[in-house]
Amino acid sequence: MMYVPRSKDRKKKLFEEFSKLIQEHRYVILVDSTRLKASMLNEVRRLQPQLGFRIKGGKKTVFLKALEKIYPEAAEKLKDEMFGQILFIFTNEDPIRIAMELDKYEVDIAASPGDITPVDIVIPEGNTGIPPGPVISLFSNLSIPTKIVGGAINVVKDTLVARAGDKISPNLANLLNKLGIKPIKSKVNLKAAYDFKDNILIRREYLIPDLEKIKSELSEAFGNAFKLTLELGYPTKYNVSQLLLKAYLHAKKLAVEGEFITPETIKDIVIAAYTKALALQQRAEAS
């Protein structure tokens, strides 16, 4: 008779596995697996050797007990992040690099009733390949104009059936599945990471930073610093040419105002003298 491990034995084994993984790795990344599809999970597993991590599922309570025994402070900080279904990624590599790599991957999946569509959904004009029958009522209920051509349902014109942000109805989900349209994007939803060595909780917004926002903020900060160095006359390799030009123009202005003749100022001095003479002539004629 085959021996079936009891629940207590399975928990003990899982506790030991979690304990070993925690001790062998500096970081853990929490993944929300509530809507993680098998195809995406398989893609994540495929990346384990390439990115240098181990992914592990199991009861959150068992993980927290193992963590509490080794790093009690980490367990206290992480328990509030442990809602929903969780997968655990263990690594000694930079968790931000891993998170940003995983965030690039997504797969198209079929819609289910209640899903929120991330994009406008359009049923395209043309032959659907579906024979006429009860399914025609789905098109009718969704106000999609059709006609029967060559024994198949044809959509008369491109028809918008949902806008980005809309909730997908049962009828629409059913029709999209029949048409092979997969409007929902499945991604790895990373919740947070924890650095056991430095005892730091890394929340999602820092785990997957908005690079465009950071780039914009750095550009603005550099621009402000650059302006300040010009005002202060503080030379750096970035502003030395502008400082020299500013100094040259200031010196030239002083020389022209003091009528100090040089090859660079003679033209401006003559123009200034002519302008003054012209102004005096106009005043004399006016009087």
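Read the figures in this text as sums done on the coordinates, not as results from a lab. All of these numbers come straight from a predicted model, not from anything done at the bench. Positions of Cβ are backbone-derived with ideal geometry, glycine not excepted, and every protein chain shown enters the neighbour counts.
In table form, for the structure just shown:
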| item | result |
| --- | --- |
| Ala38 paired with Ala152, simple spin-label distance in nm, labels 7 Å along Cα-to-beta-carbon | 2.9 nm |
| Exposed-site-free run, longest, the chain (rule: GluC sites (Glu not before Pro); DSSP loop; at most 14 other C-beta within 10 Å) | 126-258 |
| Computed FRET value (nearest 0.05) for Lys13 with Val119, which takes r as the C-beta separation and R₀ as 30 Å | 0.10 |
| Cross-link partners of Lys227 among aspartates and glutamates (Cα-Cα below 20 Å; sequence separation of 8 or more within a chain) | Glu217 |
| Lys187 paired with Asp94, simple spin-label distance in nm, labels 7 Å along Cα-to-beta-carbon | 2.0 nm |
| Eligible lysines near Lys187 by straight Cα distance, threshold 18 Å, same-chain separation 8 or greater | Lys37, Lys56, Lys104 |
| Estimated FRET transfer efficiency when R0 is 51 angstrom, pair Val107-Ala247 (beta carbons, to 0.05) | 0.25 |
| Debye log10 I(q)/I(0) for segment 1-117, one point scatterer per Cα, at q = 0.20 Å⁻¹ | -1.18 |
